[in-house]
1. Under a 10 Å cutoff between Cα atoms, tell me which one of Ala134, Ala119, Ala70 has the largest fluctuation in the Gaussian network model of the chain.
2. In a shell of Cβ-Cβ distance under 13 Å around Ser35, excluding Ser35 itself, what net charge do Lys and Arg (+1) and Asp and Glu (-1) give?
3. Could you tell me which of rounded, prolate or oblate describes the stretch 62-130, using a ≥ b ≥ c as the square roots of the eigenvalues of the alpha-carbon gyration tensor, with rounded for a/c under 1.5 and, failing that, prolate when a/b is larger than b/c and oblate otherwise?
4. How much accessible area per residue does the chain have, in Å², with a 1.4 Å probe?
5. Restrict the search to the stretch 1-84; then list the trypsin sites (Lys or Arg not before Pro) that DSSP places in a loop and that have at most 13 other Cβ atoms within 10 Å of their Cβ.
6. Given contacts defined as C-alpha pairs under 8 Å and at least six residues apart, what's the relative contact order of the stretch 35-144, whole-number percent?
7. Kirkwood Rh, the chain, all Cα pairs: how many Å?
8. With a 1.4 Å probe and every protein chain kept in, tell me what percent of the accessible surface of the chain is carbon plus sulfur.
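The values are calculated or read from the model by the stated rules, or taken from the named source; none is laboratory data. Owing to the predicted nature of the structure, the values given are computational and were not obtained by experimental measurement. Virtual Cβ from ideal backbone geometry, glycine too; neighbours counted across all protein chains shown. To get the accessible areas, we keep the full protein, side chains included, count just its heavy atoms, and leave off ligands, DNA and RNA. Shrake-Rupley method; radii C 1.70, N 1.55, O 1.52, S 1.80 Å.
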Amino acid sequence: MFNDPNFARQVIMDHYENPRNKRHEQNYLSKRMDSDSCIDDITVYVKLSNNRIEDISFDGVGCTISLASASMMSELIKGKTIDEARDLSKEYLHMIQLNEYDESKLKELVVFKNVGRQANRINCAMLSWRGLNAIINESEELDE
Ligand code: ZN
C-alpha cells in the first residue's frame, strides 16, 4: 500500500492537515529546531519516565514534509523506551539516506522513503527526529 505514490501522498496530506499530538507542553523537555532552507520552525516536547518516552508532542510551523513527519514520528515513538526510540531513529535515517532499513519497524513513515532523492527536503524530514535525539542526549547528560 505504502508503495503506491498516491496512497503515500494521501497519508502525508492527512497528517499535515490533521496533525497528531500537535500541542505545546509547558512542563515537558523541549527542543526547538528550525531550518535555514525552509520555513520549518518546530519544537518537540517529550515527557520521559523510567527511560521511556511516556508522552511526546510537537508544535510550530513547517512545510508538509516536516509537519507530517513530526506527526507520524510522535505516534510511532510514544510509549517506546529510549533504546527503542534510538533504534527507530537510526532506521529512519537509513531510509532517508537511501540505505537498507527495516520497513516493518517504521510503519507508515515509509511514505517518506523517496524524500532522500530530493536533497533540499532531507532536512525537513529529519527535523523532528533530530529534535527528539537532542532531547534524549541532553537528558542522559543530566543523569550523569
Ligand atoms: Zn520543510
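1. Highest fluctuation of the listed residues: Ala119.
2. Details: positive: Arg32, Arg121, Arg130; negative: Asp34, Asp36, Asp40, Asp41.
Net charge around Ser35: -1.
3. On the way: a/c = 1.84, a/b = 1.27, b/c = 1.44.
Verdict is oblate for the stretch 62-130.
4. Values: 7750 Å² over 144 residues.
Each residue of the chain exposes 54 Å² on average to a 1.4 Å probe.
5. Numbers: sites: Arg9, Arg20, Lys22, Arg23, Lys31, Arg32, Lys47, Arg52, Lys78, Lys80; in loops: Arg20, Arg23, Lys78, Lys80.
Here the trypsin sites (Lys or Arg not before Pro) that fit, given the DSSP loop and packing criteria, are Arg23.
6. Details: 141 pairs, mean separation 30.5, N = 110.
Relative contact order for the stretch 35-144 comes out at 28 percent.
7. Details: mean 1/r = 0.0662 Å⁻¹.
Hydrodynamic radius (Kirkwood, Cα only) of the chain equals 15.1 Å.
8. On the way: 3400 of 7750 Å².
Exposed carbon and sulfur together represent 44 percent of the surface.
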